[in-house]
1. On full extension of the chain, what length is gained from THR140 through ASP52, given 0.36 nm per residue of separation minus the C-alpha to C-alpha distance?
2. What order do you get for 118-127, 51-60 when each peptide is scored by the mean count of other beta carbon atoms within 10 Å, highest first?
3. Between ALA88 and ALA30, what is 0.36 nm times their sequence separation minus the Cα-Cα distance? Round to one decimal in nm.
4. If you place +1 on the Cβ of every Lys and Arg, -1 on the Cβ of every Asp and Glu, and leave all else neutral, what size is the dipole of the chain about its Cα centre, to the nearest 20 Debye?
5. How much net charge surrounds ILE116 when only the other residues with a Cβ under 15 Å from the Cβ of ILE116 are counted, with Lys and Arg +1 and Asp and Glu -1?
6. What order do you get for LYS20, LYS64, LYS97 when you list them from fewest to most C-beta neighbours inside 10 Å?
7. Can you flag which of LYS20/LYS142; LYS64/LYS117; LYS58/LYS97; LYS115/LYS142; LYS64/LYS115 are past 19 Å Cα-Cα?
8. Summing Lys, Arg as +1 and Asp, Glu as -1, what charge do residues with Cβ under 15 Å from the Cβ of THR63 carry, THR63 excluded?
Amino acid sequence: MAVAAVAASCSSVDCPLNNKVLTNYALLDADGRTDTMRLAMTVSTNRTDGSDSVLINKDQDITKFSLPISNAQPRDSFFVELTDGVTASLDTIVVDKEDMMHFESTDCAASYFHKIKGVTTTHHAIDSVAINYHNVDYDTSKTHFHIYFSPCH
């Protein structure tokens, strides 16, 4: 009887298989309708050690994409390059955020959720970036940012 009682008291929390959270971006036109990126888009970022990392490499014909978010710094910078094979433009998106440790159980690895505080961008090909949803967690159905490109993209 004692063994059954001990076994029943153990944690029954299902740990997430993937505890990485991503920010989701949707491309919209000036009227708020889904837009399609026809140019080749590459997105990179700087790692904390100073090296760069390509997150998206020459993706085309997309209407949305996802990017990771850091756990160790209050600001993430992403470099968005668009090219038609002849000319290229480069914009920088800067996301200010607050990191919040998320704890589910001692059986699960620690993870971080985030609250987006602000976003800025340069304006070469990107017209603007707007925050759509501030909280970043395991919910992959949420679109966190709307990106509006200049009409000539």
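1. Working: separation 88, 0.36 × 88 = 31.68 nm, distance 2.54 nm.
This chain segment gains 29.1 nm when fully extended.
2. Working: 118-127: 15.9, 51-60: 11.6.
Descending packing order for the listed peptides: 118-127, 51-60.
3. Numbers: separation 58, 0.36 × 58 = 20.88 nm, distance 2.20 nm.
That works out to 18.7 nm of additional length.
4. Details: 11 positive and 20 negative charges, 20 e Å.
Taking the Cα centre of the chain as origin, the dipole is about 100 debye.
5. Working: positive: ARG75, LYS97, LYS115, LYS117, LYS142; negative: ASP76, ASP96, GLU98, ASP99, ASP137, ASP139.
Here the count lands on -1.
6. Details: LYS20 11, LYS64 15, LYS97 21.
If I rank by nearby Cβ atoms, fewest first, I get LYS20, LYS64, LYS97.
7. Values: LYS20/LYS142 15 Å; LYS64/LYS117 21 Å; LYS58/LYS97 27 Å; LYS115/LYS142 13 Å; LYS64/LYS115 21 Å.
LYS64/LYS117; LYS58/LYS97; LYS64/LYS115, as the Cα separations exceed 19 Å there.
8. On the way: positive: ARG33, ARG38, LYS64; negative: ASP29, ASP31, ASP35, ASP59, ASP61.
Charge balance near THR63 sits at -2.
Readers should treat all values here as calculations from the given coordinates under stated rules, not as data from a laboratory. All of these numbers come straight from a predicted model, not from anything done at the bench. Because the Cβ atoms are built from the backbone with ideal geometry, glycine has one as well, and the counts that use them run over all protein chains shown.
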